[in-house]
Amino acid sequence: MALYYLKESDDGGASVAILPLPAVNHTDTILPGLRTAFAAIILLSPFVQLLGLTWPLEEHLLQILPSTLITKVHQGENLDPKIALLEMTPVEGDFPALDVAMTLRGLGKLHPAWILIAGKVTSDKESEQLLLGVLATLRAEGIDVTQSQDLSEAARYHSIPLCRYDPPNFFHLGTHWVTLPGSISNRQQGCFLPSALNSLGTTQGLHLFAKTAQGEVVGSTWWDVISKEVAGREIGAGIDSPSLKKQDPLWLLGGRLLLIPKRSPLFLTADGSLRTKAASPVISSSLEDFLLNAEQKERGEATSSYDSAWNDALVILGKKSDQPFLSTLQKLGSQLAWKHLLWSTQILLCMACIGLFLTGQYCKRITSQIIALFLMLGTLTAIAVTLSHGILFPWLTPVVTTLLLMISGLLRKRDSGLVT
């Protein structure tokens, strides 16, 4: 409703003129500088999640989800990798070939998903033929057995599809990877044993990478665990592997940030290792207990829990001191098993959120709040749908946008004029 005021005539007469007040253009917006700052926060939010900085909160929230949803996802997407440690008894630092052969033969009856020998096997002529025969039998049954390479000039390692980018020296963080003897080949197996680097001065962390004298990247046994079992992909396969040709390459930025396609990135130390917090222990058994249970199984006395501990599990033949590494790998596997949307998709989502935020700034306050409400409801729906498919939806950007829309509604400065 328009308002009017009275204006007396200049000649002092009684005549008056009724004129309308000038209309006030009431646009309910916040200050331009603050609006720009809010848009910048929205723009930075997807990178916070892309770098995995929100995982501790996500991990906590995933633990309180309904058990029915988690069970369905874990069964359908294998989000809970099972790693079991069979503690071998080394002799002068190496595993006896006879013990390894007997252990592998017992494991073959339990149908593990994959076996990794995380140690050097002694060269015993009497047991070598037996070991080779057991290995051939397991591989014929579809059970892959991986052994590490000895540190010698004759070592042959499989290649890793790794694209590297090092920024200018001013921004370079500096790396000093260990140089190993040997070279890269097209074989599907070939990794180095991290414990063998003790003589080279590297003893800490979960060691993933080293390099050859030609500068080629070599993966460790722990990297093979991450690439084949934890991440659910054969990233560490040979260059002739059919599955490798269908994969996107990995990116290593500045020697520190490892980008795995559709997975959380990994932050490495200067020596190519991972530093993570302690995790819960994995399933483990001593060699003596395992052989005793294997004998009981042959007599029909073994329990079902004994079989389930090894069935479809990644079994590591290692030392008791490997327990912390495997615990870390299992915890890391729970994170890497959750898929992520493509980077391009997340950036497009960010641009859409910025557009919604700016649109809300030029609407009435009630319209802006309605946009925030529908954005939050849409985000919750998208999270529920994607979680059921083993995908972590990039929730941070729409949640930040919703909060900023609500905050900007409280901070808007209303003009003091009357609305026409």
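Computed from the coordinates by the stated procedures, all read-outs in this text should not be read as laboratory data. Computed from a predicted structure; not experimentally measured. Ideal geometry is used to build each Cβ from the backbone, glycine not excepted, and the neighbour counts take in all protein chains shown.
Numerical summary
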| read-out | value |
| --- | --- |
| Distance (nanometres) between label positions extended 7 Å along Cα→Cβ at residue 63 and residue 36 | 4.3 nm |
| Calculated from backbone phi, Karplus (6.51, -1.76, 1.60) coupling profile of region 336-342 in Hz, x at Gly/Pro | 6, 5, 6, 7, 10, 6, 4 |
| Violating pairs (Cα-Cα greater than 30 angstrom) within the set 120/297; 82/125; 228/319 | 82/125 |
| Residue 382 versus residue 183: modelled label distance in nm, points set 7 Å from Cα along the beta carbon direction | 5.0 nm |
| Cα-centre dipole for region 98-184 with unit charges at Cβ (Lys and Arg positive, Asp and Glu negative), debye to 20 | 180 debye |
| Segment residue 156-residue 136, length gained on full extension (0.36 nm per residue, minus Cα span) | 5.2 nm |
